[in-house]
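The values are calculated or read from the model by the stated rules, or taken from the named source; none is laboratory data. Computed from a predicted model, the values in this text were never measured in an experiment. In this analysis, Cβ positions are derived from the backbone assuming ideal geometry, glycine residues included, and neighbour counts consider all displayed protein chains. Surface accessibility is based on the protein's heavy atoms, side chains included, excluding ligands, DNA and RNA. Shrake-Rupley method; radii C 1.70, N 1.55, O 1.52, S 1.80 Å.
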Amino acid sequence: MKIKIISLGGTTEKGYEALCTEYYKRLGNGTVEIRDLKPEPLSADPSQTEIKNALEKEADRILAEIPRQYYVFAMCVEGKQPSSEELAEMLENAALSGKSGAAFIIGSSYGLSDRVKKAADYRMSLSRLTLPHKLARLVLSEAIYRAFEINKGSRYHK
């Protein structure tokens, strides 16, 4: 199963990127595709209307990046917090139902538009804590790797 991480903002610190890359490498070449998109520019103190408009513009670009036949996870604060085993089961069930991959969408600092959330198959949260973007991507990368290892029956997840 292919994995695509669509992220607004990306990670610019080499340490975080190196750790994420290690998990992608363990999964095998070509398994994970990263697509970093630039967040819409906002004023220093944006109004709710400005934020909503920016999220809608970002939604257009996000939705254009989602491959057909992918199971879509929207990373959002109101999402469910699955266990590692539950995430592994979701990925396995998606593959068994004919999905060729899974897309994980990490929004900008103001989150995701409702349109993106509605397009998702599953709304997922990594934690009730607020995580910096780069840390959220690292935690997600490890969670995906762990799910693959659970499905392989490896001893990584004890």
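Annotation note: of Leu112, Leu96, Leu129, the sole residue that is over 13 Å from the mean Cα position of the chain (by Cα), of a type outside the set (D, E, K, R) and under 27 Å from Glu13 (Cβ atoms) is Leu129. When the range 28-64 is filtered for residues that are out of contact with any Lys or Arg (no Cβ under 7 Å at 6 or more places or on another chain), assigned to a loop (DSSP other than H, G, I, E, B) and within 23 Å of Arg137 (Cβ to Cβ), the ones remaining, listed by number, are Gly28, Asn29, Gly30, Lys38, Pro39, Pro41, Leu42.
Within the range 28-44, one or more residues are among the acidic types (Asp, Glu), in contact with a strand residue (DSSP E or B) (Cβ under 9 Å, 6 or more places away or on another chain) and at pLDDT below 95.
Taking each residue of the range 98-110 that is closer than 16 Å to Ile34 by Cα and looking for partners that are open to solvent by less than 10 Å² (accessible area, probe 1.4 Å) and of a type in the set (S, T, N, Q) with beta-carbon atoms closer than 8 Å, six or more apart or interchain, yields Ile105/Ser7; Ile106/Ser7.
Somewhere in the range 101-109, is a residue modelled with pLDDT of 95 or more and of a type in the set (Phe, Trp, Tyr)? Yes, because at least one residue in the range 101-109 is modelled with pLDDT of 95 or more and of a type in the set (Phe, Trp, Tyr). When Ser83 is tested against (1) more than 23 Å from Leu131 (Cβ to Cβ); (2) polar (S, T, N, Q); (3) more than 15 Å from the chain's Cα centre (by Cα); (4) open to solvent by less than 80 Å² (accessible area, probe 1.4 Å), exactly one condition is not met: (1). Taking the criterion of being open to solvent by 60 Å² or more (accessible area, probe 1.4 Å), assigned to a loop (DSSP other than H, G, I, E, B) and under 29 Å from Thr49 (Cβ atoms), the residues of the range 113-158 that qualify are Arg128, Leu129, Thr130, Pro132.
Exactly one residue out of Ala103, Ala54, Ala95, Ala74 is open to solvent by less than 40 Å² (accessible area, probe 1.4 Å), within 26 Å of Arg155 (Cα to Cα) and not hydroxyl-bearing (Ser, Thr, Tyr): that is Ala103. Cβ-Cβ contacts under 9 Å between residues 6 or more apart (or on different chains), taken from a first residue in the range 136-158 that is without any contact (Cβ under 8 Å) to a residue 60 or more places away in the chain to a second residue that is among the basic types (Lys, Arg) and surrounded by 17 or more Cβ atoms within 10 Å (Cβ to Cβ), are listed as Tyr156/Arg146. With respect to Ala59, determine if the residue is over 27 Å from His157 (Cα atoms) and either buried (at least 18 other Cβ atoms within 10 Å of the Cβ) or in contact with a helix residue (DSSP H, G or I) (Cβ under 6 Å, 6 or more places away or on another chain) (or both). Here the answer is yes, as Ala59 does meet what is asked. With the condition kept exactly as written, say whether any residue in the range 7-16 is part of a helix (DSSP H, G or I) and among the polar types (S, T, N, Q). Checked the range 7-16: no residue is part of a helix (DSSP H, G or I) and among the polar types (S, T, N, Q).
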